[in-house]
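Each remark here refers to the structure printed beneath this line.
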Amino acid sequence: MHIGKMLGLALIMLGMSGCASFTKDEVAPVSLPSMANFANKPNVYVDFAFYQGEPKSTTAVEVPQARDMLRPQLQKVLTDSGLFGRVTLDEFQKQPGDYSLRLKVYNHPPSGGQLVMAFISGLTFTIIPTLGTDQYTMSLESLDSQGQALSTGTNHDGVNTWMGIWFIPMMAYTPKEAVTDTFTRQVNALLKQMVDSKNLKYSALDAGVPRA
């Protein structure tokens, strides 16, 4: 069989294969402290950016599409946390006195070796399963209303996606669900780290938040 037809058939079979995504769970779920007793909570503007590439690399490329897909979930996580008064992700809605959070997510696949495995899986009509891993490094920096840094934190997690005919029964484990779960746990963990910070500057974020 001509190599071109063989590759074409392999791609068709790959498209018919199953796909299942699972979180790596490197960041454990956390319980955020309750701020229900505090009437005066800080209002925040969140500057959110999503990059493809290694963290802090000059070659990392911003991916607005991925950012926009995750913005609703970020808004929900921040609102549900109960840590803030007004929360906005729109810079034009930022008001004087608002504090700022800079959230950056870097998606960096581990290596090109997995592309080889995907190729082999395609040639074997996905009988040999292939694994793809998306790694996510997240950083959160808080700044006061004057732009002075108060705290910083980072964490790392990932999502494994298996492809192959063996995973057709597990296709309910979608990449979207896995990424949303991982993203939520990472954001909450950084929020808790920010609140639990023993840096005295953090107490300036809100006079109602007790000092550690």
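Key figures for this structure:
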{"read-out": "Residue that is farthest from A189 (Cα to Cα) [pool: residues in region 80-95 that are polar (S, T, N, Q) and not in a helix (DSSP H, G or I)]", "value": "Q95"}
{"read-out": "Every pair of residues 6+ apart whose Cβ atoms lie under 8 Å, when the first sits in region 130-149 and is outside any strand (DSSP E or B) while the second is open to solvent by 20 Å² or more (accessible area, probe 1.4 Å) and of a type outside the set (S, T, N, Q)", "value": "D144/Y99; D144/K201; D144/A204; S145/P96; S145/G97; S145/Y99; Q148/K201"}
{"read-out": "Subset of region 42-88 [over 17 Å from the mean Cα position of the chain (by Cα) and buried (at least 18 other Cβ atoms within 10 Å of the Cβ)]", "value": "P42, V44, Y45, L83, F84, V87"}
{"read-out": "Matching entry among A178, A207, A172, A212 (being exposed (fewer than 15 other Cβ atoms within 10 Å of the Cβ), modelled with pLDDT under 90, under 14 Å from T23 (Cα atoms) and among the small types (G, A, S))", "value": "A172"}
{"read-out": "Filter result (open to solvent by less than 90 Å² (accessible area, probe 1.4 Å) and either closer than 25 Å to H156 by Cα or assigned to a strand (DSSP E or B) (or both)) within region 96-109", "value": "Y99, S100, L101, L103, K104, V105, Y106, N107, H108, P109"}
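The values are calculated or read from the model by the stated rules, or taken from the named source; none is laboratory data. Every value quoted in this text rests on a predicted model; they were computed, and no experiment measured them. Note that we place each Cβ from the backbone using ideal geometry, even for glycine, and neighbour counts take in every protein chain shown. Please note that ligands, DNA and RNA were not included when accessible areas were found on the heavy atoms of the full protein model with its side chains. Shrake-Rupley method; radii C 1.70, N 1.55, O 1.52, S 1.80 Å.
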